[in-house]
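Heads up: the structure comes next, in structure tokens.
The values are calculated or read from the model by the stated rules, or taken from the named source; none is laboratory data. Since this is a predicted model, take the numbers as computed values, not measurements. Neighbour counts are summed over all protein chains in view; Cβ atoms, including those assigned to glycine, are modelled from backbone coordinates with ideal geometry. Remember, those area values only see protein heavy atoms, side chains included, never the ligands or the DNA or RNA. Shrake-Rupley method; radii C 1.70, N 1.55, O 1.52, S 1.80 Å.
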Amino acid sequence: MVIVTFAMPAQANFDDLRDALADRLKEIEKELKQEDRFPEITLSKALLKEGDTDPNLPLVRAKLIEYMPFEVLATDPYIYDADLVNAVREFQRQMGMKDDGVIGPQTLSMLNRTLEDEKKQVEVNLYRLSQPEWLGRPDLRIDVDLARYHLSAYEDGELAFEMPVVVGSKERQTNLFSTVMTGVRLNPGWTLPPTIKEEDYIPKLRENPQWVSDQGVYIYASWDRAAEPIDPTTIDWNYLTDNEIKAMRFYKDAGDANPLGLYRFLMHNEYDIYLHDTNQKYLFNRSARAKSSGCVRVFDPRKIAEFLLKDNPDWTSEKIDEVLAEGETYNVGAKRSIPVYFDYKTAWLDSTGILVLGHDIYDLDETSYRDMMEDKNNQKILVE
């Protein structure tokens, strides 16, 4: 994912995206009238890398020529050679994916996308951008674009910075909502949420109670802060119901092994979802980053912390370093609150202003399309 360094007015970004989507829709409608059906591409391997062979590589070359001009210089059309790898990399960049040159399931899915698929995706994203939640957003805010794995921060209506993020998996999706960031917790401990307790820890407790202790997680029978942790190996967990176990407090101290890293940003919401640091930095090297249990892991939490605490003169960079080095958990209330929007759209503009139709990581485009068609039908009824 490209990290953009220029700034543009926040609303202009939405308006430019709408214009680009509308222009692409007109182009697609023209192309549909003259389209020759391209056969679906299948490959013999799940991951095709440079030097591999495949009988359908000529179809890959032919499909890529539709997107960009490049010379087909292959001495053997069935070998995935350097020229074709470079063409795939360029295609991946245009599609907003990691340009590793490997043809995997996501790249193959994008290669097999038809004009009808593109038209539907364009219409869905135009419909999304027409909804009230996209209108009148404040000039100071943070937008988290889930399908793009991307965070943008705005101040005075201008883009201040942006960064990649890791979002909830398809099974544990990050919710779509808005909230307000009011502070940051330095050296956070981690209180395990109900879903992780139920799906990850309770089965392990019943199978091998020592495993929980090995993870550095403490279990408290009471939520009283003065309560002492219990030894999980002294309890037969099969005699307790899931609800009885979920009522207990599971907690992991701050430290290098804590999945929240060094920063957790405070933002009250009914889903218990927040932005935080991570001790799994390697995930930012992946193009598909729907890997969390619902919260959003950010690439550069320090940048967000300094942005949030800009009006807190006592909280200098040196002061933050000092608290982090001490290792104690510390909540810092921000003198300015920042609205945060968790959004889902599968179209955006890249750093050069080119429209990208990205991957529908949660398969929500179909739901939005049905909503759009229902709205259109209702409008027809009202007109009649």
From the phi of every residue in the range 336-351, what ³J(HN,Hα) in whole Hz does the Karplus formula 6.51 cos²θ - 1.76 cosθ + 1.60 yield, where θ is phi - 60° and glycine or proline is x?
-> 10, 9, 10, x, 10, 10, 9, 10, 9, 8, 10, 9, 7, 9, 7, 5
For an R0 of 45 angstrom, estimate the FRET efficiency from the Cβ-Cβ distance between D76 and R113 and round to the nearest 0.05.
-> 0.95
Kindly work out what percent of the DSSP beta bridges joining two residues of the chain are antiparallel, to the nearest 5.
-> 85 percent
How would H276, H359, H268 rank on accessible area, largest to smallest, probe 1.4 Å?
-> H268, H359, H276
Full extension between R370 and S222 adds, at 0.36 nm per residue less the Cα distance, a length in nm of 48.7 nm
Once you treat every alpha carbon in the range 124-238 as an equal point and sum by Debye, what is log10 I(q)/I(0) at q = 0.09, 0.13, 0.17, 0.20 Å⁻¹?
-> -0.45, -0.77, -1.00, -1.20
Taking the convex hull of the alpha carbon atoms in the range 46-184, what volume per residue do you get, in Å³?
-> 163 Å³
When the Kirkwood hydrodynamic radius is evaluated over all pairs of different C-alpha atoms of the chain, what value in angstrom, to one decimal, is obtained?
-> 23.7 Å
Packing-wise, with mean Cβ within 10 Å as the measure, how do 52-60, 116-124 rank, highest first?
-> 116-124, 52-60
The equivalent-ellipsoid semi-axes of the range 191-309, taken as the square roots of five times the Cα gyration tensor eigenvalues and listed largest first in whole Å, are 29, 16, 14
Would you mind listing how long the range 252-360 runs along its three principal axes, going by Cα atoms, in whole Å with the largest first?
-> 45, 31, 30
What is the distance, in nm, between label points placed 7 Å from the Cα along the Cα-to-Cβ direction at L324 and at Q280?
-> 2.1 nm
Between the range 100-146 and the range 147-173, the alpha-carbon center distance in angstrom = 13 Å
At 222 nm, what helix-only mean residue ellipticity would the chain give, in deg cm²/dmol to the nearest 500, using -39500 (n - 2.57) for each DSSP H run of four or more?
-> -9500 deg cm²/dmol
With label points built 7 Å along Cα→Cβ from the Cα atoms of E40 and K335, find their separation and express it in nm.
-> 6.0 nm
Give the accessible area for D139 in Å² (nearest 10); use a 1.4 Å probe, count only protein heavy atoms, and leave out ligands, DNA and RNA.
-> 90 Å²
Expected sort for 185-197, 214-226 on mean C-beta neighbours within 10 Å, highest first, is 185-197, 214-226
Over the C-alpha atoms of the range 109-164, what are the Rg and the largest Cα-to-Cα span, Dmax, in Å?
-> 14.6, 41
Segment D231-R93, extension gain: residue separation times 0.36 nm, minus the distance between their alpha carbons = 44.5 nm
Heavy-atom accessible surface of the range 107-248: percent carbon and sulfur, 1.4 Å = 48 percent
